[in-house]
Amino acid sequence: MRLSLSFSFLSLFVLAIKAQDRDLGVVKRAFEAADIPADLSLNFNPTALLEVTFPESDGNDITIHAGQQVPRDSTAGPPIYHAVGLRSSGPFVITMVDPDAPTPQMPTVAQERHFLGGDFHLDRTGRLTNSTAGIDEFLQPSPPAGSDAHRYIFMLWNQPRGFDQQTVVGADTPRGSFNVSEFARAVGLGEPIAGTFLFVAPNA
Ligand SMILES: *[C@@H]1O[C@H](CO)[C@@H](O)[C@H](O)[C@H]1NC(C)=O
Ligand SMILES: *[C@@H]1O[C@H](CO)[C@@H](O)[C@H](O)[C@H]1NC(C)=O
């Protein structure tokens with residue numbers, strides 16, 4: 001009891017100084033307003049905040065709030081992850097998908113998998129770092145010329161035992177025509193526990 005009380009106190013403190021999104025309800029409503037649960041065929045009832053930061057060469061790193069539009073050239077990554085309000089220190093799986101490839105009007109190769117990796121652990125500073133290589137390297141958002149902005153969706157999942165041995169997706173699995181909820185079901189990820197997303201438009 002005492003432990004969980006002090007843990008949530010700590011979480012609130014970290015929340016106050018760091019998080020761009022501070023309210024799970026705001027994140028959940030942003031996902032719904034952008035039709036993400038329906039388009040990904042999943043339930044999104046976050047119990048923690050996932051904070052995604054894009055490092056920038058000028059030092060003005062961008063920590064997104066759910067639904068923010070970010071210039072394509074600021075999304076080179078790889079992103080840095082923090083979380084607030086997690087009930088364990090891991091391991092966790094992180095996914096990033098684009099359900100709008102090649103265009104939101106005609107997403108014939110969606111979802112495109114931009115990142116899939118496991119063995120993320122929470123450290124004392126609230127940062128999530130992976131102890132093994134991801135299944136994917138991070139793929140920068142690059143919507144084709146003429147397309148409307150795409151949604152790029154990050155989600156955090158509890159990692160089930162045996163995840164490192166899964167063979168559903170490997171380094172050679174094409175990035176396109178991925179289905180994150182089907183993958184989640186196949187490997188036993190359950191539902192996402194946190195998430196955020198950004199919009200990225202093509203360079204003019
Ligand atoms: C974490 O994952 C990234 C992306 O796959 C990879 O480049 C990096 O080497 C991984 N870290 C470790 C310690 O394996
Ligand atoms: C993705 O998988 C889910 C669960 O199996 C399914 O309901 C949904 O129709 C699939 N989505 C697409 C676009 O195929």
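Points to keep in mind about this one:
- Positive minus negative residues near Asn45 (Lys, Arg vs Asp, Glu; Cβ under 13 Å): 0
- Accessible area per residue for region 65-204, computed on protein heavy atoms with a 1.4 Å probe, is 46 Å².
- Candidates Gly77, Asn45, His65 compared by Cα position along the dipole of region 25-108: farthest toward the positive end lies Asn45, with charges placed on Cβ.
- Accessible surface of the chain, 1.4 Å probe, proportion on carbon and sulfur as whole %: 53
- Phi angles of region 45-59 translate, via the Karplus equation with coefficients 6.51, -1.76, 1.60 and θ = phi - 60°, into HN-Hα couplings of 10, x, 10, 8, 9, 9, 10, 10, 10, 9, x, 10, 5, 7, x Hz per residue; Gly and Pro are given as x.
- Inter-probe distance in nm under a simple model that places probes 7 Å from Cα toward Cβ, at Glu182 and Ser131: 3.2
- Restricting the calculation to alpha carbons of region 67-131 gives Rg and Dmax of 14.6, 43 angstrom.
- A full extension of the chain between Thr47 and Val26 corresponds to an added length of 6.3 nm, given 0.36 nm per residue minus the alpha carbon distance.
The values are calculated or read from the model by the stated rules, or taken from the named source; none is laboratory data. Predicted model, so just to flag it, every value in this text is computed and none were measured. Cβ atoms come from the backbone with ideal geometry, glycine included; neighbour counts cover every protein chain shown. Side chains are part of the model used for accessible areas, which takes the heavy atoms of the whole protein and leaves out ligands, DNA and RNA. Shrake-Rupley method; radii C 1.70, N 1.55, O 1.52, S 1.80 Å.
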